[in-house]
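K.L.:
Before anything else, here's the structure in question.
The values are calculated or read from the model by the stated rules, or taken from the named source; none is laboratory data. Model, not experiment: these values are computed from the prediction. In this analysis, Cβ positions are derived from the backbone assuming ideal geometry, glycine residues included, and neighbour counts consider all displayed protein chains.
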Amino acid sequence: MSEVILKGIKKIYDNKVTAVHDVNLTIKDKEFIVLVGPSGCGKSTTLRMVAGLESISDGELYIDGKLMNDIVPKDRDIAMVFQNYALYPHMTVRDNMAFALKLKRTPKAEIENKVNEVAKILGITQYLTRKPKALSGGQRQRVAIGRAMVRNPKVFLMDEPLSNLDAKLRNEMRAEIIKLRKRIDTTFMYVTHDQTEAMTLADRIVIMKDGYVNQIGTPQDLFNKPVNLFVAGFIGMPVMNFFKGSKLLLEDGKYYAEIRGAKFLLSDFQQKALKSKNQQPASIVAGVRPQHISVGSGKLSAKVEVSEMMGTEYNIHAVSGEDNVVMVIPTIGLGADVSMGKTIQFDVAPELIQLFDEQTGNNLIWYDEASANANAPVCAEYD
């Protein structure tokens, strides 16, 4: 069983800078976990601590039930794929893939079988006699993945493996990794700054900011139930709209969200959740996904600044008072003129409005103090 457990993992450098704060995470056997966040958030450092390439300042790391803090990388039974491929330029593809097995004194026949089998799976058999400089970026990345695969590790670690590829190759390789995961059926820990990669690859996503874990959940949970402004703004494309200066009202025992003077009666679920927390009226930031806006009639108005026709939908960039608003509107059935300069009416379904505390940035519905990192800084802004 290839379970990975991080208990209170920290990384503090010699200059007293803390890069990773108190990470607690259990990665189940054969689970695909993606660590995602902006540059400098601590995701790669966390991965490197699991790999043994960075020492652990505090906390405990277990792989397959064994404490790994002081175990050298080669004895952890993991394989890592790097951003820059890290191939030996003087070796052929075959020799690159076979190198780790040769160090383990694996029999030649077994090495040959494993290399040929993996090369066939990755579609690089015809490149086995070439050197890395004769390959494209996508082919080099396949070789780097193949070199890890032949070792049959308990855990696959991938550190931004697609970031050096162009958009087309990145999409192709993302699909290849999904297929690969099904073939080798082992535990994956994958780092990226690209939320599209995270959403399409992961069983669960770990969102990090400034060395802290902000939320762990399935892609759907993070999209629908963000715990704070940072998570809400990081996950989803185009990014969530934030209406500052909004209010949570309580009138005759019912909660309303007020956005730019328009009142929306919240759903039964929202009512129940807010009452269970004894939530008082408050100044809030109201969050609405671009896909959750309808155009043609409604309580709110905006002036269209840019209207992008994307075939099946319009991407509309508009201004409503002091707020910039992005809308993704299907072209079918659109009964409004959304051309540049037009003033349009729009509406949102109350049950799809996210409610964030103006001071803390926490989601009034989904933030759970019991599971939150109490030491994490306030996320009152998305950056």
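K.L.:
Just to check your reading of the model, which residue among GLY52, GLY37, GLY42 is without any contact (Cβ under 8 Å) to a residue 60 or more places away in the chain and crowded, with 18+ Cβ neighbours inside 10 Å?
P.N.:
That would be GLY52, the only listed residue that is without any contact (Cβ under 8 Å) to a residue 60 or more places away in the chain and crowded, with 18+ Cβ neighbours inside 10 Å.
K.L.:
Conditions first: (1) under 29 Å from the mean Cα position of the chain (by Cα); (2) more than 19 Å from PHE223 (Cβ to Cβ). ILE353 passes all but one, so which condition is the exception?
P.N.:
Status for ILE353: all satisfied but (2).
K.L.:
Of the residues that sit in region 251-261 and are modelled with pLDDT of 95 or more and either crowded, with 16+ Cβ neighbours inside 10 Å or not assigned by TED's automatic domain parsing to the domain that holds ALA318 (or both), which one is farthest from ILE293 (Cα to Cα)?
P.N.:
This residue is TYR255.
K.L.:
Right, another one. What residue, among those in region 63-85 that are of a type in the set (Val, Ile, Thr) and surrounded by 13 or more Cβ atoms within 10 Å (Cβ to Cβ), is nearest to GLN141 (Cα to Cα)?
P.N.:
Per the stated criteria, the residue is VAL81.
K.L.:
Here's another thing I want to ask about it. When you go through ARG140, ARG181, ARG130, ARG174 one by one, which is the residue that is more than 19 Å from LYS30 (Cα to Cα), touching a helix residue (DSSP H, G or I) at 6+ places or on another chain (Cβ under 9 Å), in a helix (DSSP H, G or I) and of a type outside the set (A, V, I, L, M)?
P.N.:
Being more than 19 Å from LYS30 (Cα to Cα), touching a helix residue (DSSP H, G or I) at 6+ places or on another chain (Cβ under 9 Å), in a helix (DSSP H, G or I) and of a type outside the set (A, V, I, L, M) holds for just one of ARG140, ARG181, ARG130, ARG174, which is ARG140.
K.L.:
Next up: Basic (Lys, Arg), surrounded by fewer than 21 Cβ atoms within 10 Å (Cβ to Cβ) and closer than 18 Å to LYS74 by Cβ: does that describe LYS120?
P.N.:
no
K.L.:
For region 235-291, how many residues meet the condition of being among the aromatic types (Phe, Trp, Tyr) and within 25 Å of ILE207 (Cβ to Cβ)?
P.N.:
Here the count works out to 3.
K.L.:
In region 286-313, what residues are surrounded by 14 or more Cβ atoms within 10 Å (Cβ to Cβ), closer than 27 Å to GLU358 by Cβ and of a type outside the set (Lys, Arg)?
P.N.:
ALA286, GLY287, VAL288, PRO290, GLN291, HIS292, ILE293, SER294, GLY298, LEU300, SER301, ALA302, listed by residue number.
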